[in-house]
1. Given the condition farther than 17 Å from ASP356 by Cα and not aromatic (Phe, Trp, Tyr), answer yes or no: does some residue in segment 241-250 qualify?
2. Exactly one condition in (1) farther than 19 Å from THR507 by Cβ; (2) at pLDDT below 95; (3) surrounded by 11 or more Cβ atoms within 10 Å (Cβ to Cβ) is false for THR444; which is it?
3. Need pairs with beta-carbon distance below 7 Å; first residue over 17 Å from GLY253 (Cα atoms) and within segment 196-214, second modelled with pLDDT of 95 or more and among the hydrophobic types (A, V, I, L, M, F, W, C); sequence gap 6+ or separate chains.
4. Which of the helices (runs of 4 or more DSSP H) contained wholly in segment 162-267 include at least 2 residues that are under 26 Å from the mean Cα position of the chain (by Cα) and under 30 Å from VAL309 (Cα atoms)?
5. Of all residues in segment 515-554, count the ones that are among the basic types (Lys, Arg), surrounded by 13 or more Cβ atoms within 10 Å (Cβ to Cβ) and within 30 Å of VAL163 (Cβ to Cβ).
6. When you check ASP383 against the structure, is it closer than 19 Å to ASN72 by Cβ and either at pLDDT 95 or above or of a type in the set (D, E, K, R) (or both), yes or no?
7. Cβ-Cβ distance below 6 Å, separation of 6 or more or different chains: which pairs start in segment 347-369 with a residue that is closer than 22 Å to GLY261 by Cβ and not assigned by TED's automatic domain parsing to the domain that holds VAL235 and end on one that is modelled with pLDDT of 75 or more and assigned to a strand (DSSP E or B)?
8. Of the residues ALA322, ALA289, ALA311, which is surrounded by fewer than 24 Cβ atoms within 10 Å (Cβ to Cβ), at negative phi, part of a helix (DSSP H, G or I) and small (Gly, Ala, Ser)?
Amino acid sequence: MSKLEERRWFTPQRLSRRNLLGLFGVLGSSRLVGARGHSTASVAETAAHRTATAAAPVVSPYQALGVRPIINARGTFTIIGGNIELPEVQAVKTLANQQHAHMDELEAAAGKRLAELTGAEWGMVSAGCSAAISHATAACLAGGNPEMHVRLPNLTGFPKDEVIIPTASRNQYDAAVRALGVKIIEVDSPESLQLALGPRTAMIYIMAGPSNETGPMSTEAICAAAKARNVPVLVDAAAEVLTVNPNVHLQRGATLVCYSGGKAIRGPQSAGLLLGRKDLCQAAWVHSAPHHGYSRAMKIGREEVVGMVVAVESWVKRDHAAVFKEWIARLTLIADRVSKIPGVTATVRPEQESRDNKASNLSIRWDSQKLGITGTEVARILDATEPRIHVAGSTGVGGAGGRGGATQNAPGDTSLSINPHTLSPGDDKIIADRLFQILSTPHTLKPADPVAAPATDLSGAWQVEIQFLASRTSHGFQLLQTGNRLTGSHQADFATRDITGTINGDTVTLSSNLAPRGDSINFRFTGKLAGETLSGALDMGEYLGATWTAKRRGAGRG
């Protein structure tokens, strides 16, 4: 059976009673985990192949809801669904759904099997990597004590309530640590780390990345300092490839490490992995759903537990070199096609050294004046037309494009890039054909919008009213206008940040970034001036949109 057929065998049309019984016939009375000496993955693969029939057209549930599906050449981003589950993961999830199991028994069996596969002391399957971070934090705070558990995140009376995070590891995802009510102690040097370590330190959180590979604040250095004080260290390796026997982070001294299940490993998108010290992994399960308390909102299903084990079994035995060759072949097919267009160059970049989002990459560059179109516009067309395609990156005129910045001495002033990690068989040809069609069609480069004289001087203080989906708030602008350029400050609910923008006639654009520690909130205000009132739309990126109205607080320059 071809890989495309593998992708298509699991369709709603095939979930008949006969097919399900066929799947169960493969398993017999064996347990899903550790069945008669066979791996769960091998059982699931056998079931999938024995049930497969000729490929039939896939009925898209997204299109049935009026949602346009995406060919993902961008990467394993959660906002577009992460990665595609392995066929054997899909199969075993269906099997697991047809029987019941006690979740405590299932997690214990899964923890043991994950330990055998990875070389860690123990493992746990969670409802995503962020849930694993929260459960690990709870384990370090409460250690499986139910009286403490039911009080989380109220840490009053807890002997330990502090978590240390290196400055370089602050990120949006440490919200999963902060959700437990801990006090965050930020450190940026070995000296400040030693000062921060104390009797109330419950855990150290590290975001895996280049900043902690070497140097005085490397993972190894931090773990050595923590070990001397008997403080556990959790490494967040969500987007990394899974390293086993040994795991690189555990080998460097970390107590626990967590991964996303639906990225490189290609397990269930709603699952995550926690690996490491047995007692803390087991305590983390006590602090997980289906048990009550704060974590009830982070429920993991029996299907995801078994699917995650299968995904790890498949990962351990996978021929990763063959997968890499397949990625290169797909990128080469696209590169060869678009390179036939005069003025277009395509460079296949090999797999990166970093473990994070590890994949090859294709950079496509051209002269926007000669082709009459920019990479940004090509990406917009690919997103707006059928089939809908998302690329890994694109630039306008003068952009570097692709992963890792500009290509040295690369021709062209605009670009886009392709990530093969999430492509399915046949997607490469579709992308190649669409890119060839767009780039070989004559275009006229859109001229820059003409600059009109400002309709007025916006300098001064402005009262800003923002209407969110279900609430309102009041912000403030303090603006200074120089020609068409606007600068100043944006007073938000909890912080003040710089704001910049332009006024073109009566059209206003303003942008600010609110970046409290561990978070980043981008505000882009666009609107029109009518008398002494500004109003329009507010784009908040991942937090969707709102509307806004601003009125002067007083006349004159601010």
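The values are calculated or read from the model by the stated rules, or taken from the named source; none is laboratory data. For clarity, every value in this text was computed on a predicted model and none was experimentally measured. FYI the Cβ positions are ideal-geometry reconstructions off the backbone, even for glycines, and counts take in every protein chain you see.
1. Of segment 241-250, the ones farther than 17 Å from ASP356 by Cα are 245-246.
Cutting the leftovers down to not aromatic (Phe, Trp, Tyr) gives us 245-246.
For segment 241-250, residues farther than 17 Å from ASP356 by Cα and not aromatic (Phe, Trp, Tyr): present.
2. (3)
3. Once the first residue is over 17 Å from GLY253 (Cα atoms) and sits in segment 196-214, its partners that are modelled with pLDDT of 95 or more and among the hydrophobic types (A, V, I, L, M, F, W, C) give ALA196/ILE164; ALA196/ILE185; ALA196/VAL187; THR201/ILE164; THR201/VAL231.
4. On the way: elements: 175-178, 190-196, 219-228, 248-251.
Answer list for segment 162-267: 175-178, 219-228, 248-251.
5. Quick first cut of segment 515-554, residues among the basic types (Lys, Arg) only: 517, 524, 528, 551-553.
After this cut, where a residue has to be surrounded by 13 or more Cβ atoms within 10 Å (Cβ to Cβ) as well, the list is 524, 528, 551-553.
Those left that are additionally within 30 Å of VAL163 (Cβ to Cβ): none.
Counting residues in segment 515-554 that are among the basic types (Lys, Arg), surrounded by 13 or more Cβ atoms within 10 Å (Cβ to Cβ) and within 30 Å of VAL163 (Cβ to Cβ) gives 0.
6. Details: closer than 19 Å to ASN72 by Cβ: yes; either at pLDDT 95 or above or of a type in the set (D, E, K, R) (or both): yes.
Yes; evaluated as a whole, the condition is true for this residue.
7. Pairs found: ARG355/GLU240; ASP356/GLU240.
8. On the way: ALA289 fails: part of a helix (DSSP H, G or I); ALA311 fails: surrounded by fewer than 24 Cβ atoms within 10 Å (Cβ to Cβ).
Matching residue, one of ALA322, ALA289, ALA311: ALA322.
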